[in-house]
Amino acid sequence: MNFKELLESKQMTGYRFAKNSGIHQPAVSKFVTGKRDPLRMSLRSAKRAADTLDMTLDEFFVTLDNGEEE
């Protein structure tokens, strides 16, 4: 699952995610469009993202990692 699909599955917009997580909107936009890899975000940001999406850090990384092409 990519980041956009993850947000959609949680019925959350990029704007709302940015607002709730404290991650800057331009970074979120790049995650959503695929211009930036969310698996490369800092651990602090990943924790904020997971908390915002009501997931554990493990669930967050596994969910995104399963969507990566090899």
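The values are calculated or read from the model by the stated rules, or taken from the named source; none is laboratory data. In this text the structure is predicted, and so the values were computed from the model without any measurement. Counting neighbours? That spans all protein chains shown, and the Cβs are built from the backbone with ideal geometry, glycine included.
Give the residue that is farthest from Leu64 (Cα to Cα), with candidates limited to residues of the range 11-33 that are touching a Phe, Trp or Tyr at 6+ places or on another chain (Cβ under 8 Å) and touching a residue at least 24 places away in the same chain (Cβ under 8 Å).
Among those residues, the one meeting the criterion is Ile23.
Out of (1) over 13 Å from Asn2 (Cβ atoms); (2) modelled with pLDDT of 95 or more, the odd one out for Glu70 is which?
(2)
Here's a check for you: in the range 52-66, which residue that is surrounded by 17 or more Cβ atoms within 10 Å (Cβ to Cβ) and among the aliphatic types (A, V, I, L, M) is nearest to Phe17 (Cα to Cα)?
Leu53
Collect the residues in the range 1-49 that are among the aliphatic types (A, V, I, L, M) and assigned to a helix (DSSP H, G or I), keeping them in residue-number order.
Leu6, Leu7, Ala18, Ala27, Val28, Val32, Leu39, Leu43, Ala46, Ala49
Conditions (1) over 9 Å from the mean Cα position of the chain (by Cα); (2) polar (S, T, N, Q), marked per residue:
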site: Phe3; (1), (2): no, no
site: Val28; (1), (2): no, no
site: Phe31; (1), (2): no, no
site: Leu43; (1), (2): yes, no
site: Thr63; (1), (2): yes, yes
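Would you mind stating whether Asp54 is among the acidic types (Asp, Glu) and at negative phi?
no
Filter the range 12-51 down to residues that are under 17 Å from Met1 (Cα atoms) and among the β-branched types (Val, Ile, Thr) and give me whichever is surrounded by the most Cβ atoms within 10 Å (Cβ to Cβ).
My answer is Val28.
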